[in-house]
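Enquirer: Got a structure for you, written out below as structure tokens; questions coming shortly.
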């Protein structure tokens, strides 16, 4: 199985190296708008540098990894599907849910494997939690709490073209809400504030946000997000069910602890997502490869990408209007 | 300082014994609709059994503790204030905010000390957290998360006359939201489900609930409640600020841990509120006595009781209508 | 059941108040070499101040609590037993094992209840650990580790008449070794250093020590002691058995934790023994009363006091000579 | 820099793959008494299969990794040094301290880099603890406690040729004692029992052991070992100093925790050394390469190997005779 990689930025490099390190798989081609970026990654992985069109036309390339800017994702998915390739696309499919619907319609005939990069589903801790939930350890799910806090806010320029916190950051947690409960959400309440950096507020976005969701079955979900956490990248999940609670948390930078007159000091938690989710990025690609090789549709699917986006739209609307959005 | 105790039920017994155990303070009189209950507590504490009117008329009694059923609280506060006594009243003042307003108006001329029994403010762990917040350890507050889960649901008969989960159970957390942030809430979003016991749903109440609040200053507050927690009485607070997070949690039944083939098993957390909040009940009475002796208005005040009730009303309305309530 | 208390110092006050607070039990008399100390405690507890001889001769007094200086313990035990009283004596019975043997011989005819104040056996956490050990949760015991560290070294004057660290401090841990394993020790290896305060070394004692013991059944026990722990009073037990590990640890001063740029800071552990072992002191007296009332010999017995002292002697000898002592 | 690998067993495979994965370094040759083992590893890493003599004579090979059975280590170190190669040798150099002395003498003229594989020094957690010790966070070291427990006992056949628990297993902890304190040990007390598997006792060895050491400066060290730990591979270090305690512990298999009626259940700790010390194996080779490239003697040195072996000999002798061994 041979891969073509579109986009050799931060996330493209991760995926490129992960593909190059998988046995029986090769990274055949890399492209990037910045030639040096493509060249460097190609050199490190043994891939060729090729323009997008050549990758699409190369019959020996079975699958493409889309790691380009968000506004190109939908077009590239369509081109790749038209060219008969399996596609792994970084989240989100598009900032517009309408465009995602159109894209999913376009590719429905091709019916090739499409997987969206909601990497957190593959974090070993979260995956173990999900596995135990499915095994019934916590009984029937009643309430889910998801905490996701970045160490530092991104530059305001990034914020301005991000689609807003709910679409850019919380979309991961909204996908996890669906993943963990195994249900679709029917109610969305959102609130947000700009407390971390007033420039983010001036740009029309929030940096501190909370969401409540209700599933069709009445399960409640709480999510909180912040663009700041001084103690590391805070990623926690807590699921309450009829038999008890399952939770999964952070890993500290080391297990070293100092006890002195001030008390017991443990390390900050791992910081940042490249470290925390290194295994998740590797494992999601393995799942993609396994699905493609096994002739199965990978998960999370394009429809999962659409539903997370619709929830992010609803949360954005709720936070702006103060009103609950029913789906 | 001599106390009269109205109500010798579960909570009245706690307060009665705490008063009897304070040095320089005495429990002079006890009353209860069930004579045996009054008699038993009187015997244990050295108090006399007296009818309510006699307690009110006894000039040697400086203060009354109101631990009777909720629907008598407002009347008894008014009678006691008219009789010139300081009053400690268990929460809530009344299930109707209008009645609370009338009561506060009635007693405004008497201007005697009135304290409402929001005991959690006096839990040593939560009080230490609040102290550190006030000292600025976490910087400016941005997001507060409060978790409160009872071990087991109450009988449906109790639920039916409780005013509903938001007024009966979450009122404590709503008060904590004001206490921790030092601000009033301006927006209330609530959702609820009946997942623990369908009979509770048939009775028109919920047993699993979540609330989001926003303060005037934009601080976000998340609360979750459940009538069930298999692992003990779950009472946690987490406050995120510009400098970091302060949190306070549960105490396990012991520090013993077993490590075996299944992993590391720690004890359930303390169960139930009589155990968890034993110190809080004692400390709140000490604070009441100190305020009365020092000629100061105690805190939490009657106004705190009103505002918590108004938040509980708002949450009940939001959960029933699906819409945000602006205060 | 009426108690006479000999000694109204720090530990005598604890026991005196605990007796006074037990229902159905009274503290009848108090004595102390310092009249004011006796007077103060008597006033607080409703006891009479009486000289030792009067307490011994008072037939209405059923039991005496010996909390006087160590060098008076054996004499007072003998007097009290001769007077037909049950005796609770603070550890140690005497700094000389020979004197303890003579004392035990002396009182063997009286055959009245004698309990030695090894309070740690009654700490709820350690007692829970022991209970689970006895229930077989950890299987057959293989290795026990006991850590005991005081927050600060005592004055050198205290050290000089203490009998040395092994007899003064580690005796508690040596008793716990026997209590936990349910076996007698047959080998003792000890090492010690003076690292905390050189004056302690000049006084011929150590302030940092470690001991290894082997039971008749081959179970290994490790103990470490220090006269200093900057983070609180460190009292931990870890027992390894064929099925797993049982451990019991410290309680922090609160459950509050701060997470910031330096990491996660939990409170120091409880400091000092009056706080940490408050429940243990109360529970050991309850056990004494229950044994006396039930006509049973209490535990830990005088023989337990002797065996702990012999182990402390052996450890002292081993540390001084560098050689193992076989018992 | 080109490596030759002697021995393609379990540990040889780890080192072989780590070398093959280092940039700028290559695994040139592999040898093993079992041709298939060498062939397989060579195929995986791109190395050639060559006999020992050819590796020694190949001038393009700069360094050898000795991962053969223990009784060949000293000979191979000498051959490799005679051939002018840098040497990384798995612990121990030999089961006989005399043979190690002879080997170190033999190679003293060659004066090529020699590093002994005490991998735990490179565990990121233990290395961070050591770094903070050296930075003075805990002040002057007073007492060190090292716990090392294998999940399961090895086969008795392995035990019989292992040199005994102290030389086979505790040697790592004895090296850590020197590494952490930065001092040589002057007193060794050891005790051992056969409690896990009676066949180990029949073979003349112990499976449960404890050691106490004293350094020249009076620092005390406690070590405990067991061939069994049902909850995973237990590897902990605790260092007490004048300013506080530094400790480093285990990592659980995941961060998932279940809370139910039995309490809070966390996962077992990582099991086994290949998982726990994966990073340590990689980092020690990087340190070796850095030392060789930088023209420095690597650490831990051959002398460290000798001193650990002498401590293991002393512990063995102490456990057998019951007497302390002074070094």
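Enquirer: Can you tell me the FRET efficiency between residue A:156 and residue D:10 if r is taken as the Cβ-Cβ distance and R0 is 45 Å, rounded to the nearest 0.05?
Expert: Rounded to the nearest 0.05, the efficiency is 0.25.
Enquirer: Subtracting the Cα-Cα distance from 0.36 nm times the residue separation, let me have the gained length for residue B:186 to residue B:262 in nm, one decimal.
Expert: That pair, residue B:186 and residue B:262, stretches by 22.6 nm at full extension.
Enquirer: Using a/c under 1.5 as the rounded threshold, could you call the range A:269-320 rounded, prolate or oblate? The axes a ≥ b ≥ c are square roots of the C-alpha gyration tensor eigenvalues, and prolate needs a/b larger than b/c, oblate otherwise.
Expert: Note, shape of the range A:269-320 comes out oblate.
Enquirer: Can I ask one more? Enter the angle in degrees (range 0 to 90, nearest 10) between the Cα long axis of helix C:302-321 and the first principal axis of the Cα atoms of chain C, meaning the one along which they spread out most.
Expert: Roughly 40 degrees between the two axes.
Enquirer: Compute the distance in nm between two label points, each set 7 Å from the Cα along the Cα-to-Cβ direction, one at residue B:290 and one at residue D:299.
Expert: It is 5.4 nm.
Enquirer: Rounded to whole Å, give me the distance from the Cα center of the range A:63-131 to that of the range D:229-308.
Expert: 40
Enquirer: Then there's this: Find the relative contact order for the range B:190-327 and round it to a whole percent, using C-alpha pairs within less than 8 Å whose residues are 6+ positions apart.
Expert: 18
Enquirer: Please arrange A:41, B:274 by how many other C-beta atoms lie within 10 Å of their C-beta, fewest to most.
Expert: On the way: A:41 25, B:274 14.
Neighbour counts put them in this order, fewest first: B:274, A:41.
Enquirer: Run the paramagnetic zone check for residue B:140: 7 angstrom along Cα to Cβ, then residues of the range B:203-225 with backbone nitrogen under 18 Å.
Expert: B:214-221
Enquirer: Considering only D:263, D:249, D:294, give the residue with the highest GNM mean-square fluctuation for chain D, with springs between Cα atoms whenever their separation is below 10 Å.
Expert: Maximum among the listed residues: D:263.
Enquirer: Which shape class, rounded, prolate or oblate, goes with the protein assembly as shown when its Cα gyration tensor gives a ≥ b ≥ c as root eigenvalues, a/c under 1.5 marks rounded, and past that a/b bigger than b/c marks prolate?
Expert: oblate
Enquirer: Roughly speaking, what % of Cα-Cα pairs in the range A:120-326 are separated by over 29 Å, rounded to a whole number?
Expert: Distances greater than 29 Å cover 29 percent of the Cα pairs.
Enquirer: Taking 7 Å along the Cα-to-C-beta vector as the label spot, tell me the residue A:242-residue C:202 distance in nanometres, rounded to one decimal.
Expert: 7.3
Enquirer: For chain D, set up a Gaussian network in which alpha carbons nearer than 10 Å are linked by springs, and say which option among D:302, D:12, D:136 fluctuates the most.
Expert: D:136
Enquirer: How many nm is it between the label spots at residue C:275 and residue B:327, if each spot is 7 Å from the Cα in line with the beta carbon?
Expert: The two pseudo-label positions are separated by 3.6 nm.
Enquirer: For residue D:34 and residue A:131, FRET efficiency with R0 = 56 Å and r from the beta-carbon atoms, rounded to 0.05?
Expert: 0.90
Enquirer: What is the order of A:194, B:108, fewest Cβ neighbours within 10 Å to most?
Expert: Placing the least packed residue first, the sequence is B:108, A:194.
Enquirer: Next up: Between 0 and 90 degrees, rounded to the nearest ten: what's the tilt of helix D:124-134 against the longest Cα principal axis of chain D?
Expert: 70
Enquirer: Pairs of alpha-carbon atoms within less than 8 angstrom and 6+ residues apart define the contacts here; what relative contact order does the range C:2-112 have, in percent?
Expert: 25
Enquirer: If you don't mind, another one. Which of A:199, D:90, A:157 has the fewest other C-beta atoms within 10 Å, and how do the rest follow up to the most?
Expert: Fewest-to-most Cβ neighbours within 10 Å comes out as A:157, A:199, D:90.
Enquirer: Using a Gaussian network for chain C with springs between C-alpha atoms less than 10 Å apart, which of these wobbles most: C:245, C:115, C:56?
Expert: C:245
Enquirer: Shape of the range D:84-177 from its Cα gyration tensor (a ≥ b ≥ c, root eigenvalues): rounded if a/c is under 1.5, otherwise prolate when a/b > b/c, or oblate? It would help to have the intermediate numbers written out before the result.
Expert: Numbers: a/c = 2.20, a/b = 1.17, b/c = 1.87.
Cα axes put the range D:84-177 in the oblate bin.
Enquirer: Given only helices, namely DSSP H runs of n ≥ 4 each adding -39500 (n - 2.57), what is the per-residue ellipticity at 222 nm of chain C, to the nearest 500 deg cm²/dmol?
Expert: -11000 deg cm²/dmol
Enquirer: Report, in whole Å, the centroid distance computed from the Cα atoms of the range C:1-37 and the range D:148-184.
Expert: Measuring centre to centre over Cα atoms gives 54 Å.
Enquirer: Here is a follow-up. Based on alpha-carbon positions alone, could you give the equivalent ellipsoid semi-axes of the range A:2-112 from the gyration tensor, as √(5λ), descending, whole Å? Can you show the working numbers first?
Expert: Values: eigenvalues 104, 46, 26 Å².
Semi-axis lengths for the range A:2-112 are 23, 15, 12 Å.
Enquirer: Share of antiparallel DSSP beta bridges in the protein assembly as shown, in percent to the nearest 5? Don't jump to the answer; show the numbers that get you there.
Expert: Numbers: 158 of 259 bridges.
Here the share of antiparallel DSSP bridges comes out near 60 percent.
All of the numbers you see were taken from the coordinates with simple rules; none came from a lab. Computed from a prediction, not measured in an experiment: that's the story for all the values here. A quick note on method: Cβ atoms are made from the backbone with ideal geometry, for glycine too, and the neighbour counts reach across all protein chains shown.
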